[in-house]
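S.K.: Below you will find the structure I want to go over with you.
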Amino acid sequence: MVVFRIGLRVQHVRASLDQTLRHSPTKEQEPQRIEGGTRRGEVLQKYVQDGYDKSREVLQVIEDLLEKQQQGGGHFLLGKKVSWADLYLAPVIADFHAVSLGRGLLEEFPHLKKWFFDFSKQDCFLKTYPGSLSQVLLEAAN
């Protein structure tokens, strides 16, 4: 049941991140006006902020779970062994980490950040990371 709930929450985080990335305006789009004379950028900023706020709520739930696990000697979402929950969450957090807005958000969650950096050293992560969206985004940013 816990894995199912985490899966649902992770899907919510992924949807929020996808919404944030899809609706970021370019400089050419910023001055355009939309319905009611509202600047397109203002509307898009609201979408980004809503996604950011929803992501923060979901990440807080994961942070609380990881805090409990780490206090009990566990290093992963469900204890001392890698689970499907870890495998499912890792690419989502990698994508967050690849985007400056997401990286800033992760700073608010020390247990999640520790989990991610520890998990990113796991063989299962290292084998699947090359060529991933997060790697491409990080390379493009540098």
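S.K.: Of the conditions (1) at pLDDT 85 or above; (2) in a loop (DSSP other than H, G, I, E, B); (3) not basic (Lys, Arg), residue 89 clears all except one; give me its number.
M.R.: (2)
S.K.: Please work out which residue is surrounded by the fewest Cβ atoms within 10 Å (Cβ to Cβ), limiting yourself to segment 101-127 and to residues that are more than 22 Å from residue 53 (Cα to Cα) and either in contact (Cβ under 8 Å) with a residue 24 or more places away in the chain or of a type in the set (Asp, Glu) (or both). Give the derivation first.
M.R.: Step one: list which residues in segment 101-127 are more than 22 Å from residue 53 (Cα to Cα), which gives 117-127.
Right, trim to either in contact (Cβ under 8 Å) with a residue 24 or more places away in the chain or of a type in the set (Asp, Glu) (or both) and you get 118-120, 122-125.
Details: 118: 13, 119: 20, 120: 15, 122: 15, 123: 8, 124: 12, 125: 19.
Among those that are more than 22 Å from residue 53 (Cα to Cα) and either in contact (Cβ under 8 Å) with a residue 24 or more places away in the chain or of a type in the set (Asp, Glu) (or both), it is 123.
S.K.: Quick check on my filter: what residues within segment 64-100 are among the charged types (D, E, K, R), under 15 Å from residue 118 (Cα atoms) and surrounded by fewer than 19 Cβ atoms within 10 Å (Cβ to Cβ)?
M.R.: Step one: of segment 64-100, the residues among the charged types (D, E, K, R) are 64, 67-68, 80-81, 86, 95.
Narrowing the set further to residues that are under 15 Å from residue 118 (Cα atoms) leaves 67, 80-81, 86.
Of everything in segment 64-100, those that are among the charged types (D, E, K, R), under 15 Å from residue 118 (Cα atoms) and surrounded by fewer than 19 Cβ atoms within 10 Å (Cβ to Cβ) turn out to be 67, 80, 81.
S.K.: So residue 121 clears everything in (1) of a type outside the set (Phe, Trp, Tyr); (2) under 25 Å from residue 71 (Cα atoms); (3) modelled with pLDDT of 85 or more; (4) part of a helix (DSSP H, G or I) except one condition, right? Which one?
M.R.: All conditions pass for residue 121, except number (4).
S.K.: Turning to a different aspect of this structure: Between residues in segment 65-78 that are on the phi < 0 side of the Ramachandran plot and part of a helix (DSSP H, G or I) and residues that are crowded, with 16+ Cβ neighbours inside 10 Å and at pLDDT 90 or above, which pairs lie under 6 Å by C-beta distance while being six or more apart or on different chains?
M.R.: From residues that are on the phi < 0 side of the Ramachandran plot and part of a helix (DSSP H, G or I), the pairs are 66/111; 66/112; 66/115; 67/111; 70/111.
S.K.: Here's a follow-up. Here is a list of conditions, (1) under 18 Å from the mean Cα position of the chain (by Cα); (2) assigned to a helix (DSSP H, G or I), and residue 108 meets all of them except one; can you say which number that is?
M.R.: It is condition (2) that residue 108 fails.
The values are calculated or read from the model by the stated rules, or taken from the named source; none is laboratory data. A quick note: this is a predicted structure, and the numbers were derived from the prediction, not measured. So basically every Cβ, Gly included, is an ideal-geometry build from the backbone, and we count neighbours across all protein chains shown.
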